[in-house]
Amino acid sequence: MEKTISYIQTHQERFLSELFGLLRIPSISASSDHKPDMQACAEELVRLLQKAGADYAVSMPTEGNPVVYAEKIKDSSLPTVLVYAHYDVMPVEPLSEWHTPPFEPEVREGRIYGRGADDDKGQGFMHIKAFESMVATGELPCNVKFMLEGEEEIGSASLNAWCREHKEMLQADVILVSDTSMIGWDTPSITCGLRGITYMEVEVSGPSHDLHSGLYGGAVVNPVNELCRIIALLTDESGRVAIPHFYDKVRIYSDTERAALLSAPFDLVSYRENIGVPEVSGESGYAVPERTGIRPALDVNGIWGGYTGEGTKTIIPSKAFAKISMRLVPDQDYREIADLFETYLRSIASPCVHVSVSFLHGGAPYVSPTDLKAYQAASQAVERTFGKRPLPFYSGGSIPIISTFEEVLGIKSILLGFGLGSDAIHAPNENYPLENFYRGIETIAWFYKYFAE
Ligand code: BES
Ligand code: ZN
């Protein structure tokens, strides 16, 4: 491993400038205007993987954005690791909040700034560099496959079918993923739980066109008012989701399991300060790590309708819209939750409006056992580079393909993420500390070593 570690240290600057090349491509999967950028990003990854030492690297079409697949098979008797990452990124609005443009990466105060710096180009790229370093030094101890997708941030809709079609090609002993975060730099952790998701859009339509609010106000249901009323009825005062049967399948954790979860250090004051809220909220009877880790939640991601331009305009808008997501936990089923949501919404909506409800995407929750050999290898690797044994951690985020991998390929994933709470993923000024970037590359290399032993 000496050669690998010294290779990583010697090539730090080049690694960074190659990452910048990737970060400059605006691969925003949510917007169809960026289709050519998705292609360009996939092609750039193919080049990077070829250069890094893959025997074979291709951009493969799917119903949606291309999947980049690459492999280096040293010997079929050796274990095989399938690396998964995503090269698509979230939209960048509000642009005015960025201190430097999102697709012009730069380093400031030890952090890489730019959309995708952490989620997930920065983290995914670390795998290409760990692989390159081990190939170049002759220290790669196993077979490696890469599958890099371009639709994670929009729910990986076409990946289920794609994985079924390429089951053989994707065969591996374990899937290794860096698309999550750690509790903190001083408290390394490995994610062993992800929440699922059901993502819905609601359209409330009232009058056939905007009305003068003086002439009609008081006599017609205003779709924006009505949508707000509906949304207010989706949760109750105790912080629970009010949809009937929503909690029917929520797994109840034992006191011992809850105590284990709560034994990880959690500082409420810095949590609050980091995100700038005066107080936290949520389901009563649960602490913050439980509210995000093992309990479901419902959030409005966006709401629009009516006049939002400069000055004022007196209207009753004709329509109102909202995008609403629900984070799910074992054993909730995202399709059932979509049905329950629609049924409840229709039952509470005023008969004076039309309501249309559409399902945008969904994904199942995931739990990874900590007694797997691969988990132990990851734990040893983190301990080696961070100097502390990592804690198992339930994250509130979702990566829909992880449960698809388990269901379709029958392979477990290790969520070896290096992000931090301060990385502002999905937000303006996304960033990723250089320290995590370099130390992560070394940790991944150690993972291969321990896993193949
Ligand atoms: N990298 C995140 C997920 C994540 C971040 C998990 C931090 C744990 C810790 C991923 O890119 C993501 O944002 N996923 C989406 C999935 C959704 C669009 C289906 C999410 O969770 O919102
Ligand atoms: Zn993301």
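Values quoted throughout were computed directly from the atomic coordinates according to the rules given, and no laboratory measurement underlies them. What you see is a predicted model; the values in this text were computed from it and never measured. Methodologically, a virtual Cβ is constructed for each residue, glycine included, from the backbone with ideal geometry; neighbour enumeration extends over all protein chains shown.
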| task | Could you work out the equivalent-ellipsoid semi-axes for the chain, taking the square root of 5 times each eigenvalue of the Cα gyration tensor, largest first, in whole Å? | result | 40, 24, 21
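Under the rule of -39500 (n - 2.57) per DSSP H run of 4 or more residues, summed and divided by the residues of the chain, what mean residue ellipticity at 222 nm is obtained, to the nearest 500 deg cm²/dmol?
Per the formula, -10000 deg cm²/dmol.
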| Three principal axis lengths of region 162-274 [C-alpha, angstrom, descending] | 66, 47, 31
| Taking 0.36 nm per residue of separation and subtracting the Cα-Cα distance, what length does fully extending Lys3 through Ser76 add? | 23.8 nm
| query | Residue separation times 0.36 nm, minus the C-alpha to C-alpha distance between Asp55 and Lys373: what's the value? | reply | 111.8 nm
| DSSP-defined beta bridges in region 26-153 - what % are antiparallel, rounded to 5 | 60
| Gap separating the Cα centres of region 141-193 and region 304-355, nearest whole Å | 32
| request: Using R₀ = 51 Å, calculate the FRET efficiency as 1/(1 + (r/R₀)^6) where r is the Cβ-Cβ separation of Arg346 and Thr100; round to 0.05. | output: 0.65
| task | Just grab the label-to-label distance for Asn160 and His209, each label 7 Å out from Cα along the Cβ direction, in nm (one decimal). | result | 4.2
| query | Can you give the Rg to Rh ratio of region 204-251, both from alpha-carbon atoms, with Rh computed by the Kirkwood formula? | reply | 1.21
| said: Compute the angle between helix 434-452 and the longest alpha-carbon principal axis of the chain, please, reported from 0 to 90 degrees and rounded to the nearest 10. | reply: 60
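Ranking Thr180, Thr292, Thr314 by Cβ neighbours within 10 Å, fewest first, what do you get?
Ranking Thr180, Thr292, Thr314 by Cβ neighbours within 10 Å, fewest first, gives Thr314, Thr292, Thr180.
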| note | When Ser208, Ser189 are arranged by how many other beta-carbons sit within 10 Å of their Cβ, fewest first, they go Ser208, Ser189
| Exposure proxy ranking, count of Cβ atoms within 10 Å, fewest first, for His99, His354, His361 | His99, His354, His361
| task | Count charges around Phe321 for me, please; just the other residues with Cβ under 13 Å from its Cβ, Lys/Arg as +1, Asp/Glu as -1. | result | -1
| said: Net charge around Glu273, counting only other residues with Cβ within less than 15 Å of its Cβ (Lys, Arg = +1; Asp, Glu = -1)? | reply: -1
| task | For the chain, give the share of DSSP beta bridges that are antiparallel, in percent and rounded to the nearest 5; count only bridges with both residues there. | result | 70
| request: Take region 304-366, drop everything but the C-alpha atoms, weight them equally and run the Debye formula without solvent; then report log10 I(q)/I(0) at 0.14 Å⁻¹ to two decimals. | output: -0.58
| said: Which order do the peptides 401-412, 240-251 come out in when sorted by mean C-beta neighbours inside 10 angstrom, highest first? | reply: 401-412, 240-251
| query | Thr308 label point, 7 Å along Cα→Cβ, cut-off 19 Å on backbone N: hits in region 81-119? | reply | 90-98
